[in-house]
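Colleague: Have a look at this one before I ask anything.
The values are calculated or read from the model by the stated rules, or taken from the named source; none is laboratory data. All of these numbers come straight from a predicted model, not from anything done at the bench. Cβ: placed from backbone, ideal geometry, glycine included. Neighbour counts: every protein chain shown. With ligands, DNA and RNA removed, areas are computed over all heavy atoms of the protein, side chains included. Shrake-Rupley method; radii C 1.70, N 1.55, O 1.52, S 1.80 Å.
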Amino acid sequence: MWQATEFQNKVIAYYRQHGRKHLPWQGTKDPYQIWLSEIMLQQTQVTTVIPYYESFLNKFPTINHLAKASSDEVMHLWSGLGYYSRARNLHKAAKMVAETYDGKFPQTQEAIETLPGVGRSTAGAIAAFAFDQPSAILDGNVKRVLARCYGIEGWAGKSSVLKTLWQRAEENTPNHHTAEYNQAMMDLGAVVCTRSKPKCEQCPLSEHCYALKHDTITQLPGKKPKKARPKRSVYWLIYLENQQVVLHKRPPSGIWGGLWCFPEIDQSEQAPADAQKLSSFVHKFSHYDLEVQPLLVKKLPNTGIMEPNEFDSFALNFLQKNTQQKTAEIGLPTPVSKVLDSLS
DNA sequence: TAGCCGTGGAG
DNA sequence: TCTCCAAGGCT
């Protein structure tokens, strides 16, 4: 296990040797510039941010310029960068600083964090980079490094996991050279301790890394648990006549677009009278499960999506030997083929 | 607390 | 093509 000071020393030494030092927002102590970069970098990769950062700073060289700008000007410069509430909050915060702080950027982490769009980690970064305060950060990079190094399991979106990560982050953050340390932790996460194929041979922390030692790198940090896919339930209406079955061509977009399928209605709709239930099944898509209840019907309703005008119909002689060849020609979803097979 | 916000890169 | 998620914060 690590001694905090040993951890810090290794991390800082890494930064001095290998850390990134020439990003556009580095080499300045201007809290406005650092703040701007930190906001733009939220959930956004460095290479994406750089051109926006340059043009934004060119147009609004100081926070007072930004405060006096119109909303349209600000949004225009942000357009394409995404997460537009960041831009609205940025503008609002600039006005706050101009008015309540007389244009002087607040200097404590606590005060910085009151600005809209600035959370705990962003406030910590600004306080450390601009004012050399011993404040911790916990962005995605730091989370990944800490989770692997200490074997912190579970998804960081879970409050207990997040609490543990913050605890580690606070414990490990040094009171001196904090800016270098924080930058180093982000560099480590971004360059060495990457999500996939981390370069452990380059890592100053590999000696005691829990994940490396236990071969659980791919499992850390824990992923967001997948929620159960939503289920949609439909009837497939199977209308047989003279040894033929009616198929409809599906709309060009959506599931199975353009393929031939049994006429389909949602199970929230009224099932046709005299329908005979065949065995149901579930077909799994990436984003939802489709539960299908095939119904043998004696006639087809002609309402709603069943309007024959809106869909081509096709009468397939499913009992003939050439069913498989035929189905290959016209494009049937696999479940439809299976139902056809069970009928013959 | 879980959903939401945006766009782009990587695998 | 599709998933996963990136220098998170807000509601």
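Colleague: Given the condition farther than 17 Å from A:GLU241 by Cα, modelled with pLDDT under 60, open to solvent by 50 Å² or more (accessible area, probe 1.4 Å) and in a loop (DSSP other than H, G, I, E, B), answer yes or no: does some residue in the range A:262-273 qualify?
Modeller: no
Colleague: What are the residues in the range A:151-164 that are surrounded by fewer than 20 Cβ atoms within 10 Å (Cβ to Cβ) and in contact with a helix residue (DSSP H, G or I) (Cβ under 8 Å, 6 or more places away or on another chain), if any?
Modeller: Selection gives A:GLY151, A:GLU153, A:GLY154, A:TRP155.
Colleague: On to the next question. So, in the range A:125-141, of the ones that are part of a helix (DSSP H, G or I) and more than 8 Å from DNA strand C (Cβ to nearest atom), which residue ends up most open to solvent (accessible area, probe 1.4 Å)?
Modeller: Applying the filter and picking the extreme gives A:PHE131.
Colleague: Can I ask one more? Where the second residue is within 13 Å of DNA strand C (Cβ to nearest atom) and of a type in the set (A, V, I, L, M, F, W, C) and the first is at positive phi and lies in the range A:73-93, which pairs have Cβ atoms under 6 Å and are six or more apart or on separate chains?
Modeller: Matching pairs, first to second residue: none at all.
Results for (1) β-branched (Val, Ile, Thr); (2) within 22 Å of A:ALA128 (Cβ to Cβ); (3) at pLDDT 95 or above, shown as yes or no for each residue.
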residue: A:MET185; (1), (2), (3): no, yes, yes
residue: A:LYS197; (1), (2), (3): no, no, no
residue: A:PRO204; (1), (2), (3): no, yes, yes
residue: A:HIS208; (1), (2), (3): no, no, no
residue: A:ILE217; (1), (2), (3): yes, no, no
residue: A:GLY222; (1), (2), (3): no, no, no
residue: A:LYS226; (1), (2), (3): no, no, no
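Colleague: I'd like to know if the range A:20-37 contains one or more residues that are open to solvent by 60 Å² or more (accessible area, probe 1.4 Å) and more than 14 Å from DNA strand C (Cβ to nearest atom).
Modeller: Yes, because at least one residue in the range A:20-37 is open to solvent by 60 Å² or more (accessible area, probe 1.4 Å) and more than 14 Å from DNA strand C (Cβ to nearest atom).
Colleague: Having 2 or more residues that are over 16 Å from A:ALA179 (Cα atoms) and modelled with pLDDT of 95 or more is the bar; report the helices (runs of 4 or more DSSP H) wholly within the range A:1-94 that clear it.
Modeller: Here the list reads A:31-40, A:46-59, A:63-68.
Colleague: Here is a follow-up. So A:GLY103 clears everything in (1) more than 14 Å from DNA strand B (Cβ to nearest atom); (2) open to solvent by less than 50 Å² (accessible area, probe 1.4 Å); (3) in a helix (DSSP H, G or I) except one condition, right? Which one?
Modeller: (3)
Colleague: Condition first: more than 20 Å from the chain's Cα centre (by Cα), of a type in the set (Phe, Trp, Tyr) and within 19 Å of A:LEU23 (Cα to Cα). Can you find one or more residues in the range A:157-167 that meet it?
Modeller: No, the range A:157-167 has no match at all.
Colleague: Failed condition for A:GLY82, given (1) out of contact with any helix residue (DSSP H, G or I) (no Cβ under 7 Å at 6 or more places or on another chain); (2) under 24 Å from A:SER135 (Cβ atoms); (3) open to solvent by less than 30 Å² (accessible area, probe 1.4 Å); (4) within 8 Å of DNA strand C (Cβ to nearest atom), with all others met?
Modeller: Here A:GLY82 clears every test but (2).
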